[in-house]
1. How large is the dipole of the chain about the Cα centre if only Lys and Arg carry +1 and Asp and Glu carry -1, each at its Cβ, rounded to the nearest 20 debye?
2. Hey, which of these cross-link pairs are over 25 Å Cα-Cα: Lys125/Lys152; Lys152/Lys210; Lys152/Lys221; Lys92/Lys210?
3. Note down the relative contact order for the chain as a percent, whole number, built from C-alpha pairs under 8 angstrom at least six residues apart.
4. Which value, in Å², gives the accessible area per residue of the chain when a 1.4 Å probe is used on the protein heavy atoms?
5. Run the reach check for Lys218 against aspartates and glutamates, Cα to Cα strictly under 15 Å, same-chain hits fewer than 8 apart removed. What comes back?
6. What distance in nm lies between label points placed 7 Å from Cα along the C-beta direction at Asn93 and Leu14?
7. Between beta-carbons, use under 10 Å as the cut-off and find the net charge around Ile178, counting Lys and Arg +1, Asp and Glu -1.
8. Pick out which of Ile142, Ile128, Ile153 has the largest mean-square fluctuation in a Gaussian network model of the chain, springs linking Cα atoms closer than 10 Å.
Amino acid sequence: MNQVLKWAAKSIGLIAALFLCFVAVYLGVAQITARLPREMPKLAFDTAKAGTSKSVTVYLISGLLHVDIAMPVSPYLLDHFAFFQNMGLPMKNPNLKYLSYGWGSKAFYTTAGSYSDITASAVLKAVIGDQSVLRVVGLGDIKPNNEIVRLKINAQQYERMISSIEQSFRRQQGQTPIQLTGVHLEEGDAFFPATGNFNLFNPCNQWVNKVLHDAGIKVGKWTPTTQSLFLSLRYFEEIGGSQP
């Protein structure tokens, strides 16, 4: 019996050590790749240089383990997301100023409103691979704080960012995306099936990375964590050093 207990203790210790080693390597690599620039297509590069003044403000909102992108509402945005009407989003609310978009694991994102909601099965699915979803939330005025970062872009970048987000909604034969009915984290939000597969190496913050890159914003090759994403944006001087 003692031998069995000793073997079990050693096995648990080895597994814990390997896990901690993996986490250290994962986070260490993220620190490096956050500083390695993604190659920017010429069109995106031209878009970034199109305007000398950056006149549109978007916000990166850091929440439970990931970042959402809050886009200011405009006729252009509403035209591209007209299908949000009658889907529980506050589209006709006069106080609507922003639409916030987040991408993540279906099993994890649709159930984990707080840390206490996290289950082992949802975490396992997120790690090894899961279907992805997009969550959309209507917001009023936004004030930057430790969890909200302001990002200044030009009008062309704003349009390209909207286009990238729009392409993230899964569609069948060009049809309107279908809302996941009965799935909410709070009143006034909506979930939709999304393109791409979520896993440990393609997490939610890498989707934000892609949207920013598509818009012609300088960002590192791989930024899986909130910290590495903001580090990358500071490193390439897309956000001020005084911001989170």
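The values are calculated or read from the model by the stated rules, or taken from the named source; none is laboratory data. Bear in mind that the values here come from a model prediction, so they are computed numbers and not experimental data. Cβ sites come from the backbone with ideal geometry, for glycine too, and all protein chains shown count toward neighbours. These accessible areas exclude ligands, DNA and RNA; they are computed on the full protein's heavy atoms, side chains included. Shrake-Rupley method; radii C 1.70, N 1.55, O 1.52, S 1.80 Å.
1. My answer is approximately 580 debye.
2. Lys125/Lys152; Lys92/Lys210
3. 28 percent
4. Heavy-atom SASA per residue in the chain reads 54 Å².
5. Glu39, Asp46, Glu237, Glu238
6. Label at Asn93, label at Leu14, 5.4 nm between them.
7. +2
8. Between Ile142, Ile128, Ile153, it is Ile128 that shows the largest mean-square fluctuation.
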